[in-house]
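> The structure that follows is given in the form of structure tokens.
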Amino acid sequence: MKLGKNYLLPAVLLLGMFSLGIPLAFAASFTTFDVPGFEGRTTPLGINARGQIVGMVGSHGFLLDHGIFTLIDVPGASETQARGINDRSQIVGLYFDGQSGGPGRHGFLLDHGTFTTIDMPGSTTGLFDGINDKGQIVGSFSRGIFLLDHGRFTNVPTLIDAFAINARGEIVGDAVEGGSGVLDNGAFTIIDVPGSLANTTRALRINNRGQIVGFYFSDTHHGFLFDQGRFTTIDAPGAVATELTGINDAGHIVGIVDDARGQHGFIVIP
């Protein structure tokens, strides 16, 4: 792991009530954070049962582990994004070996300090978004959406995007036929927040309990939690827009909040 610096997370805890959707009341603690030196540019993308958070900031990936930030850079990469983490602290994502955003995009696995580049045979570009506790990884490649299971790639033709997979093998993503939702044993269920504009609900993460988080659009972006058929809208206090990007089995949620100062990460503890 190429390190920038380790940073301590300031102990700033804001308590409050979220802007709530029907039908649940939802009181929680809310903590905002920024990677020091990158204020207003922090994008968290996943959280595991240990409370470790991964994401991206600037051209770097990052890990937030019990108040300490560590920058993650694949050696020789022009840009690294840490996009998913499981309960074994294995991290997946993407990196560019040339100009950021250009050709040369690869998936990677970071397993306790060791980087492994993983390219699907025959694909010119790739990325990994999610990894479960069994080590199964979902990702997007130039040849389509695939599940990587202990070295074997399997096509997932139902989806045009796959963002996360849980230990039960349920995958959240966007369907070829339209809509966002969850794929379970070949059956795709669309998730659509009531009152949202058409085709604006995005399911982004799922935990081992089947709870799903993401965002939808009405007047702006709002975060949502989908739990046993019930939706809860979660808006960060003072936010211009809110997106939920990760949830662990304890129900702890990470997300992105846009406000007048830029884009920040936040943690929600119900």
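Just so it is clear, none of the values below were taken in a lab; they were calculated from the coordinates. This is a predicted model, so every value here is computed, not measured. Backbone-built Cβ (ideal geometry, glycine too); neighbour counts: all protein chains shown.
> Using a 10 angstrom Cβ neighbour count of at most 14 plus a DSSP loop assignment to flag exposed GluC sites (Glu not before Pro), which longest range of the chain is free of such sites?
My reading of the result: 40-176 is the longest stretch.
> In a Gaussian network model over the chain where Cα atoms closer than 10 Å are linked, find which of ILE137, ILE53, ILE118 has the largest mean-square fluctuation.
Highest fluctuation among the options: ILE118.
> Rounding to the nearest 20 debye, state how big the charge dipole of the chain is about its Cα centre with +1 on each Lys and Arg Cβ and -1 on each Asp and Glu Cβ.
360
> Can you find, among ILE206, ASN166, ALA239, the residue farthest towards the positive end of the dipole of the chain? Put +1 on the C-beta of Lys and Arg, -1 on that of Asp and Glu.
ASN166
> So if each residue of separation counts as 0.36 nm, and I subtract the Cα-Cα distance between LEU197 and ILE118, what length gain in nm does that give?
Here the segment from LEU197 to ILE118 would lengthen by 24.7 nm.
> Just to be sure I understand the model, the point goes 7 Å from the Cα along the line to the Cβ. What's the resulting GLN228 to ASP184 distance in nm?
It works out to 1.4 nm between the two label points.
> Most fluctuating residue of GLY93, GLY58, GLY126 in a GNM of the chain with Cα springs under 10 Å: which is it?
Ranking GLY93, GLY58, GLY126 by mean-square fluctuation puts GLY58 first.
> Among SER59, ASN248, SER140, whose Cα projects farthest towards the positive end of the dipole of region 6-269, with charges put on the beta-carbon of Lys, Arg (+1) and Asp, Glu (-1)?
ASN248
> Apply the a/c threshold of 1.5 to the C-alpha gyration tensor of region 56-134 and tell me whether it is rounded, prolate or oblate.
It comes out oblate by the Cα gyration axes.
> List the residues, sorted by chain then number, that are 5 or more residues from ALA164 or on another chain and whose placed amide H is less than 5 Å from its amide H.
Close amide H contacts, sequence-distant or interchain: VAL172.
> GNM on the chain, C-alpha springs below 10 Å: top fluctuator among ILE145, ILE171, ILE206?
Of ILE145, ILE171, ILE206, the most mobile in the Gaussian network model is ILE145.
> May I ask you to derive the FRET efficiency for ARG143 and ARG261 from their Cβ-Cβ distance with R0 = 41 Å, giving the value to the nearest 0.05?
0.50
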